[in-house]
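To keep things clear, I will list the structure first and then write my remarks on it.
Only the coordinates and a few stated rules stand behind these numbers; no lab work does. Everything numeric here is computed off the predicted structure, so don't read it as measured data. Note: ideal-geometry Cβ built from the backbone for every residue, glycine included; neighbour counts use all protein chains shown.
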Amino acid sequence: MIIAVDGPAGSGKSTIAAAVATRLNASHIDTGAMYRALALKVIRRALAPEDPNAVAGVLPGTEIVVGNGRVTLDGEPVEGLIRAPDVTAVSSVVAQHQAVRIWMVDRQRMVIHRAPGGAVVEGRDIGTVVLPDADLKIYLTASEEQRARRRAAERGASEEEALLEVSSRDARDASREHSPLRAAGDAVVIDTTDLSIDEVVDSVLLAMRERLKA
């Protein structure tokens, strides 16, 4: 089974997708890590992330592999580098370019369909663009304030800074021309604001069982 998990920043995608994958003994694939890895390369090359031609120019010859917490960029393990604030900021910019999204979708589909034991795939356009035929589509959401609190706790930042980051990212993701963030029409929407991790995981697994019965 392939489960797509989408949602805005701070909604709990990574935590929930990893936990569900563990419960199902499936692969966990974080597609956002692929954009972060590309952002790291753009930073290292000192390119302007808002320049679509400059970013597209590094795509040929770039190799990004993700799965179960591991991320490699051109053969180098980079999972410990791609969560830095500057990489986060650049990744949301490069993700807006059409050439980048087309390039990513092709590679994401290859990684997903090669995953042993099925896959739980997280991102922002998995159910709508990457895997429109996924067996189950989950869309996680939460209040902006709760998502900011989670981001602040993760990064040791103030809640005010995290709230500004979350608001800005929401605006970019929802308004971008290519693959804007939205719930698929047949997605199961789960508001995680007041739920524990186990409660959200149980809700996803319940939705999966109901989908299998259907």
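Annotations
- Altogether, the Stokes-Einstein calculation at 4 °C and 1.567 mPa s, with the Kirkwood radius of the range 117-190 over Cα pairs as Rh, returns a diffusion coefficient of 95 µm²/s.
- Here the Karplus relation 6.51 cos²θ - 1.76 cosθ + 1.60, evaluated at θ = phi - 60°, turns the backbone of the range 65-72 into coupling constants of 10, 10, x, 6, x, 9, 9, 10 Hz, with x for every Gly and Pro.
- Per-residue HN-Hα couplings for the range 149-154 [Karplus 6.51, -1.76, 1.60; θ = phi - 60°; Hz; x = Gly/Pro]: 4, 5, 5, 5, 5, 5
- Amide H partners (placed H, <5 Å) of Ser143, local residues excluded: Thr193
- Residue order, fewest to most beta carbons within 10 Å, for Glu165, Glu210: Glu210, Glu165
- Relative contact order (%) - the chain, alpha-carbon pairs under 8 angstrom, separation at least six: 32
- Put a plus charge on the Cβ of each Lys and Arg, a minus charge on the Cβ of each Asp and Glu, and nothing anywhere else: the dipole of the range 2-207 about its Cα centre is then about 580 debye.
- In the chain, the DSSP-assigned H stretches of four residues or longer account for a calculated mean residue ellipticity at 222 nm of -15000 deg cm²/dmol, using -39500 (n - 2.57) per stretch and the full residue count as denominator.
- Long-range HN-HN contacts of Gly67 with modeled amide H, under 5 Å: Asp30
- Each residue of the range 86-102 was assigned a 3J(HN,Hα) from its phi angle through the Karplus expression (A = 6.51, B = -1.76, C = 1.60, θ = phi - 60°), giving 5, 5, 4, 5, 6, 4, 6, 7, 5, 5, 7, 7, 4, 4, 5, 5, 4 Hz with x at Gly and Pro.
- Taking amide H as placed 1.01 Å from N in the peptide plane, the amide H of Ile2 sits under 5 Å from that of Ala119, Asp135, Leu136, each at least 5 places away or on another chain.
- With a cut-off of 13 Å between beta carbons, the residues surrounding Val130 carry a summed charge of -1, where Lys and Arg count +1 and Asp and Glu -1.
- Among beta bridges that DSSP assigns inside the chain, antiparallel share in %, nearest 5: 25
- Given [x] 19.6; [y] 18.2; [z] 17.4, the label whose value is Kirkwood radius over Cα pairs in Å derived from this model: [z]
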